[in-house]
Amino acid sequence: MTLLSVQGCAPAPDADAATPASHSVTFADARAAYQTYLNVSHVAAATADEASALTVVTSAQWAQTRSQYNALVSGLLLRPDVVGATQAAVVDDGPSSPAAAVIAAGPLTTGLHVAQAARAAAGQRRGLQYQWLLQGAPYPQVGLRLAGSGSALIMYGMYLKTSTEHPNLVAGSPIGVPAEFKPMLAEPTEVGYHAVFANWAYQFAAIDPAATARDGKLEVIGSQRGPSFGHAY
């Protein structure tokens with residue numbers, strides 16, 4: 001096998017961080033700069049001009065764009081940088097998602113959706129609201145071309161964010177904190193009178209078939225997970 005791509009980005013800042021807003025450019029300047037980026041990007045994509053495409057991006061976006069052109073050359077069903085998002089669409093919305101046309105059913109795709117939907121139904125019977133969202137995580141992504149098949153092994157990280165709440169976050173009877181997340185609470189005295197948040201960090205492995213494969217679908221073949229964040233209030 002050969003290395004197809006390596007992709008990563010810096011962690012997002014804490015949503016609760018108090019960062020004062022400041023602007024050093026006008027909206028017109030920003031709009032003009034963005035339009036220039038779009039023009040170069042669109043022309044480069046239409047002509048497969050990787051060198052030009054890389055002149056308008058930096059840092060993590062440079063790595064992601066390089067990965068996209070590598071995938072274009074390799075002829076995969078899905079670009080490596082959209083594998084996680086496409087899987088997430090099926091996990092979040094189920095087999096009715098348009099993404100299901102290119103994602104194979106299995107325990108880590110449609111099965112994960114069924115498991116989460118079952119938790120939501122169980123919570124509803126108790127008068128609670130359970131929600132989930134599979135989304136990207138700031139971990140490196142690696143793509144390895146598999147010799148002889150035209151397919152690739154893609155390894156990438158994702159977060160599964162879940163919340164169990166009383167309707168409208170009105171205080172009610174305590175909501176149980178899953179055992180794996182109790183050590184992650186900021187204070188052992190935290191009680192879920194309003195809501196409990198329990199987020200998982202996942203590492204997935206998937207086989208991305210060649211674009212020419214007949215009826216080809218991406219298969220998520222394995223995963224590891226661990227608790228990443230817990231909070232109750």
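The values are calculated or read from the model by the stated rules, or taken from the named source; none is laboratory data. Note that the structure is predicted; figures quoted are calculated from it, not measured. A quick note on method: Cβ atoms are made from the backbone with ideal geometry, for glycine too, and the neighbour counts reach across all protein chains shown.
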Inspect all residues belonging to the stretch 183-194 and state whether any of them is closer than 19 Å to Leu133 by Cβ and at pLDDT below 95.
-> yes
If you take the residues in the stretch 81-107 that are assigned to a loop (DSSP other than H, G, I, E, B) and of a type in the set (A, V, I, L, M), which one is surrounded by the fewest Cβ atoms within 10 Å (Cβ to Cβ)?
-> Ala105
Those residues of the stretch 173-204 which are small (Gly, Ala, Ser), in a loop (DSSP other than H, G, I, E, B) and either in contact (Cβ under 8 Å) with a residue 40 or more places away in the chain or buried (at least 19 other Cβ atoms within 10 Å of the Cβ) (or both) amount to Ala186
Residue that is surrounded by the most Cβ atoms within 10 Å (Cβ to Cβ), among those in the stretch 205-221 that are outside any loop (DSSP other than H, G, I, E, B) and either within 16 Å of the chain's Cα centre (by Cα) or of a type in the set (D, E, K, R) (or both) | Asp208
Hey, among Ala63, Ala105, which residue is at pLDDT below 70 and more than 17 Å from Tyr159 (Cα to Cα)?
-> Ala63
Residue that is nearest to Gly136 (Cα to Cα) [pool: residues in the stretch 195-227 that are among the polar types (S, T, N, Q) and modelled with pLDDT of 95 or more] = Gln203
In the stretch 108-139, what residues are in a loop (DSSP other than H, G, I, E, B), more than 12 Å from the chain's Cα centre (by Cα) and either within 17 Å of Gly94 (Cβ to Cβ) or at pLDDT below 95 (or both)?
-> Leu108, Thr109
